[in-house]
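The values are calculated or read from the model by the stated rules, or taken from the named source; none is laboratory data. If you're wondering where the values come from, they're calculated on a predicted model, not measured in any experiment. Cβ placement follows ideal geometry from the backbone for every residue including glycine, while neighbour counts extend to all protein chains displayed.
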Amino acid sequence: MYLFEVSIKLFLSKYTSNSRPLTQLHNQQTKNSSYGTLLIDNLLPILILQDMLEIIIILIAIGTGAGVAGSIIGIGGGIFFTPVLTLLGLQPSQIASTSLIAVTFTGISSTISYVRQKRINYKLGLKMALLSIPGAISGAFFSSLISIVSFKFFFAIMLILVVLYIMYNNDIRREKLEKGLKLKNRYPLVYGAAFLAGVLSSLFGIGGGIIFVPTLIIIMNMKMNKAAPTSQLTIMISSLTGLIVHIILGHPNYEYALSLASGAFIGGIIGAELSGYIKERILQILLSISLLLVSIKLLYDVVQGN
């Protein structure tokens, strides 16, 4: 836009010499005003369209990458969508609802692939999804009440917890297997975790996988190759519920959402197909570094009051 303003000024300056008679200068300025208005009317839509196309291409690429990573680990991809939308200057309710559209598409495409692979525990996944629905509805309403500074702070803290989980979940699984970790009366914990995941899903637009996956592995003694697919089924239902409430409240930014969602849908399919081949540890390290950098940026914004 700066170059655009400079070009306009240069264009007009050619006709604004003070050596001309006042009347001639006035008439010429009137002409120049018409030329400038005409130029703005013609160029401004083109520049806006160009900027929008660049954003759309970037969002599609981010959506694809997040869909792949989210599908493999089972966390839905929202932890990538939300920071991007935050940096674009949207408000909390817009961020959460826009992200949820992409998360829902990731959940749908991943679930379709995992259904073919027969890796979903339907009984447990549907039960957790139903328990998350009240939380998802509540979270959609809460997103309208939280300030952008508070949103960034709490989301940054949650990203740090996500990084800790991603980096140490292999150790947790190994310890569980070695010690035969068993919990009595575990279903109240599962129910509470599902409700909390629903709230976080609609409040931050993350899908809830960061709660669902550890719950399935640690509390329900499920292996990762079953936990991630089952989590995607739960995320699909929970996210769709929260999304419907957000749409009723008029929150989403559909241009950004559809860009992310188109990439996320493709990424979800790719991730589900690659989940049996890619080295999980390499992906965990890359994700952890990326999320840690994002959390630092968000905390910096909070300190600056942005």
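Take the conditions (1) over 24 Å from Leu164 (Cα atoms); (2) crowded, with 17+ Cβ neighbours inside 10 Å; Ile247 misses just one of them, which is (2). Of all the listed residues (Thr234, Thr241, Thr215), the sole one being hydroxyl-bearing (Ser, Thr, Tyr) and more than 19 Å from the chain's Cα centre (by Cα) is Thr215. Scanning the range 98-156 for residues that are within 16 Å of Leu196 (Cβ to Cβ) and either in contact with a Cys (Cβ under 9 Å, 6 or more places away or on another chain) or among the polar types (S, T, N, Q) (or both) gives Ser132, Ser138, Ser143.
Of all the residues in the range 111-123, those that are surrounded by fewer than 19 Cβ atoms within 10 Å (Cβ to Cβ) and part of a helix (DSSP H, G or I) number 6. Among residues belonging to the range 168-198 that are part of a helix (DSSP H, G or I), modelled with pLDDT under 75 and aliphatic (A, V, I, L, M), point out the one that is nearest to Val84 (Cα to Cα). Filtering first and then ranking leaves Ile172. Of everything listed in (1) more than 20 Å from the chain's Cα centre (by Cα); (2) at pLDDT 80 or above, the single unmet condition for Ile206 is (1). Scanning the range 86-100 for residues that are part of a helix (DSSP H, G or I) and modelled with pLDDT under 90 yields Thr86, Leu87.
Restricting attention to the range 54-85, the residues that are under 9 Å from the mean Cα position of the chain (by Cα), in a helix (DSSP H, G or I) and closer than 19 Å to Leu161 by Cα total 8. Might you let me know whether the range 261-282 holds any residue that is polar (S, T, N, Q) and either within 14 Å of Ile73 (Cβ to Cβ) or in contact with a His (Cβ under 9 Å, 6 or more places away or on another chain) (or both)? Yes; the residues of the range 261-282 include at least one that is polar (S, T, N, Q) and either within 14 Å of Ile73 (Cβ to Cβ) or in contact with a His (Cβ under 9 Å, 6 or more places away or on another chain) (or both). Per the conditions (1) farther than 13 Å from Ile108 by Cβ; (2) over 17 Å from the mean Cα position of the chain (by Cα); (3) not charged (D, E, K, R), the sole criterion not satisfied by His251 is (2).
In the range 107-128, of all residues being at pLDDT below 90 and of a type in the set (S, T, N, Q), the one that is nearest to Ser259 (Cα to Cα) corresponds to Ser109. Taken over the range 114-157, the criterion of being more than 13 Å from Ser231 (Cα to Cα) and of a type in the set (Ser, Thr, Tyr) is satisfied by Ser138, Ser143, Ser144, Ser147, Ser150.
Quick grid of which residues meet (1) touching a Ser or Thr at 6+ places or on another chain (Cβ under 8 Å); (2) within 24 Å of Phe141 (Cα to Cα); (3) at pLDDT 90 or above:
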residue	(1), (2), (3)
Ile56	yes, no, no
Val68	no, no, no
Thr82	yes, yes, no
Phe105	yes, yes, no
